[in-house]
Amino acid sequence: MKKYFAEMFGTMVLVLMGCGAAVFAGAGQPFASVGTLGVAFAFGLSVVAMAYTIGKISGCHINPAITLGFFLSGRMNAKDTGMYMLFQVIGAIIGSGILYILAKDSGSTTTLTGANGYSDLMPAFVAEAVFTFIFVMVVLGSTSKGGNSSLAGLAIGLSLVLIHIVCIPITGTSVNPARSIGPALFQGGEALSQLWLFIVAPFIGAAVAAFTWKAIDTEE
């Protein structure tokens, strides 16, 4: 159970810090808003921090798409895969609940799941699938046998920063089903109606990444 609770804690921190930066960037503040770069770094630094905190316990997936990638690439069994995903979603809900309490009176206009009312779903779906593919490839590569595992947390976190810089204007960036499920439950409305995209597209991207990595990896 230790690794499942570690995943819950890590995902809670990711949602609280990353989505928190996004929420308060869209709220009236006595100081300048953090902007796109601030939100991107909030998500990336959350991953870096958690990688070096819970990495030795659970591997620090804190993302069902990454867990799926590990399962399909043969690095994880079915039981742990299901339990990781369950506790990641629970962690995201807890993080979202804390954020809801902190931000409910902030006047923020930022949506938590990512989407900002776009009418064309195709670019959003492609973006979430492609950027999740890239992200999971980085994770699988940097944590693989023969990889530079001591710097894996930094590589993964910075790659998430890069992905957010590019993808925030398109979807707000999720590339993580749990990160979207938790906030959507509190936001409701349009967030719930578009939630399927932020689950299906990242899972497709992760699956393609897993099979691609298995095909190109030089280690058994």
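Summary table
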| quantity | calculated |
| --- | --- |
| Two-site label geometry, T53 and E219: point separation in nm, points 7 Å out along Cα→Cβ | 2.7 |
| For S150, S174, order by how many other beta-carbon atoms lie within 10 Å, fewest first | S150, S174 |
| Neighbour-count ranking [beta-carbon atoms within 10 angstrom, fewest first] of V138, V161, V126 | V126, V161, V138 |
| Local net charge near G69, Cβ-Cβ under 12 Å (Lys/Arg +1, Asp/Glu -1) | +2 |
| Förster radius 25 Å - calculated FRET efficiency between M1 and T212 (Cβ-Cβ, nearest 0.05) | 0.15 |
| Percentage relative contact order, the chain, counting C-alpha pairs under 8 Å, at least six apart | 31 |
| Lys/Arg +1, Asp/Glu -1 at C-beta; the chain dipole; positive extreme among W196, V175, G74 | G74 |
| Dipole of the chain, positive direction: furthest Cα of T143, I101, F133, with charges on the beta-carbon | T143 |
| Exposure proxy ranking, count of Cβ atoms within 10 Å, fewest first, for S149, S73 | S149, S73 |
| Spatially near lysine pairs across the chain, Cα under 14 Å, sequence gap of 8 or more or different chains | 4 |
| Surface/4 of the Cα convex hull for segment 145-217, nm² | 6.0 |
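We did not get these values from a lab; they are worked out from the coordinates using the rules stated. These figures come from a predicted structure and were not determined experimentally. Because the Cβ atoms are built from the backbone with ideal geometry, glycine has one as well, and the counts that use them run over all protein chains shown.
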